[in-house]
Each structure stands twice: as C-alpha cells, then as structure tokens.
Amino acid sequence: TEASNSFIGNNTNKLNSDILNAVKKFNGNVFLAGGCWRANIDKSPIKDYDIFFKDISLVDAFKEVLVGLGYKKIFECPVGHLHSFKLEVLLGRNINVQLITETEYNNTQALIDTFDITACCCAWDGNSFAFHETFHDDCESKTVKLNNVEYHVSTFKRMMKYKDKGYTIPDTTI
C-alpha cells in the first residue's frame with residue numbers, strides 16, 4: 001500500500017529530523033525503512049535508522065551528508081554491504097544509522113516486500129510511503145505476523161526479540 005506524507009502527519013516527533021531531511025535530499029532514491037517507523041507507532045525506543053538505496057552509486061554522497069551532520073563511521077562491512085554511523089548526543093545517547101547496500105530496490109514497495117515481519121514493513125522515500133496492509137495494526141497491537149521469510153533462522157531470532165519487546169506471536173504465525 002502506498003500513501004502520501006499525510007501518513008506520517010505529526011507522527012515524526014520521535015524521528016530524527018536530520019535523517020528525514022537527508023532522505024528527502026535524494027529525491028526518492030534513498031529509503032528510510034523498518035524499525036524506526038515501528039518504534040514511532042509502538043512507542044518503543046528507536047534503535048537505529050536503516051537506509052536503503054535505489055541506486056548504490058549514491059552511498060558515498062549519503063555518507064558525506066551524515067559526516068556533515070557530525071556522524072562518525074563506526075563500522076564498514078569488508079564486503080561493503082553495511083556501513084554504520086553514529087552521532088553522540090546528550091547523556092551518552094547515540095543516534096545510529098545503518099546504510100544497507102547489498103541490494104538496490106526499484107521503489108519502497110519492492111523493498112518492504114523483502115521484509116520478514118509485517119510490523120517493520122514500512123518504507124519512505126522522502127515523498128511517499130509504502131507499507132504492509134497490516135503494518136499499523138500490527139504495531140499498535142504488538143503482534144508478530146510474517147510477510148516474507150527468506151532466512152528462517154534470522155526470522156526466528158527476530159521473532160524472539162519482538163517477543164521480548166512485548167509483542168505476541170499468534171499460533172497462525174508459527
């Protein structure tokens with residue numbers, strides 16, 4: 001399902017405006033997706049911001065934007081599929097950003113179609129959203145449902161993390 005920016009409305013109060021503005025700069029070629037949107041609805045802390053790309057050639061330009069905002073590179077995958085940055089803020093709290101570059105995605109819908117848990121199936125390209133039809137309800141009710149399971153062990157581990165966050169796993173999910 002796609003929606004305009006009206007989907008976020010005032011819901012971005014927990015989200016970092018620098019990250020939102022950085023995504024907007026790339027005119028629909030960079031996607032903010034996953035757990036930050038879930039956390040914005042279920043009121044849990046935002047662990048990190050996951051950034052995906054329509055065009056991998058934009059990764060270095062996005063890194064430059066982050067460095068310009070004061071972020072420091074803390075990890076780079078030797079294969080080049082993951083780049084992690086953090087910004088230290090007050091009281092030892094960090095804002096973490098992960099650039100996930102293993103695959104290019106044509107659009108936000110193509111991206112969320114690859115996600116395993118529906119409560120993370122939300123992506124924004126700076127202009128519009130794509131999200132799973134049960135995304136919002138699953139976040140509000142804290143229910144784990146599956147979308148696309150490619151890596152069974154990883155999905156199982158994520159399901160257990162969600163259980164620890166207070167999510168329920170219906171019998172139909174298992």
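The values are calculated or read from the model by the stated rules, or taken from the named source; none is laboratory data. Predicted model only: the values in this text are computed from it and were never measured. Because the Cβ atoms are built from the backbone with ideal geometry, glycine has one as well, and the counts that use them run over all protein chains shown. Heads up: the accessible areas ignore ligands, DNA and RNA and are worked out on the full protein's heavy atoms, side chains in. Shrake-Rupley method; radii C 1.70, N 1.55, O 1.52, S 1.80 Å.
So that you can scan it fast, the table gives a plain yes or no per residue for (1) farther than 21 Å from Ser84 by Cα; (2) open to solvent by 10 Å² or more (accessible area, probe 1.4 Å); (3) modelled with pLDDT of 95 or more; (4) not charged (D, E, K, R):
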| residue | (1), (2), (3), (4) |
| --- | --- |
| Thr103 | no, yes, yes, yes |
| Thr118 | yes, no, yes, yes |
| Trp124 | no, no, yes, yes |
| Lys142 | yes, yes, yes, no |
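Counting only residues that are over 12 Å from Gln98 (Cα atoms), open to solvent by 20 Å² or more (accessible area, probe 1.4 Å) and either in a helix (DSSP H, G or I) or among the acidic types (Asp, Glu) (or both), the stretch 36-51 holds 1 of them.
Step by step: first the residues of the stretch 159-172, then only those that are assigned to a helix (DSSP H, G or I) and open to solvent by less than 40 Å² (accessible area, probe 1.4 Å), then the one that is nearest to Lys43 (Cα to Cα). Which residue is that? Working first, answer last.
We begin by selecting, within the stretch 159-172, every residue assigned to a helix (DSSP H, G or I); these are 159-164.
Restricting the remaining residues to those that are open to solvent by less than 40 Å² (accessible area, probe 1.4 Å) gives 159, 162.
On the way: Met159: 18, Tyr162: 14 Å.
Applying the filter and picking the extreme gives Tyr162.
Restricting attention to the stretch 13-35 and to residues that are among the polar types (S, T, N, Q) and farther than 18 Å from Leu111 by Cβ, the residue that is most open to solvent (accessible area, probe 1.4 Å) turns out to be Asn13.
The residue pairs whose first member lies in the stretch 83-106 and is in contact (Cβ under 8 Å) with a residue 24 or more places away in the chain and among the aliphatic types (A, V, I, L, M), whose second member is open to solvent by 60 Å² or more (accessible area, probe 1.4 Å) and not in a strand (DSSP E or B), and whose beta carbons are closer than 6 Å, counting only pairs six or more residues apart or on different chains, do not exist in this structure.
How many residues are part of a strand (DSSP E or B) and open to solvent by 70 Å² or more (accessible area, probe 1.4 Å) if we restrict to the stretch 60-90?
Within the stretch 60-90, the first condition is being part of a strand (DSSP E or B), and the residues that meet it are 72-76, 82-88.
If we keep only those that are open to solvent by 70 Å² or more (accessible area, probe 1.4 Å) too, we end up with 72-76, 88.
Residues flagged as part of a strand (DSSP E or B) and open to solvent by 70 Å² or more (accessible area, probe 1.4 Å) within the stretch 60-90 amount to 6.
Would you mind stating whether Asp113 is surrounded by fewer than 16 Cβ atoms within 10 Å (Cβ to Cβ), at pLDDT 95 or above and among the charged types (D, E, K, R)? Criteria met by Asp113.
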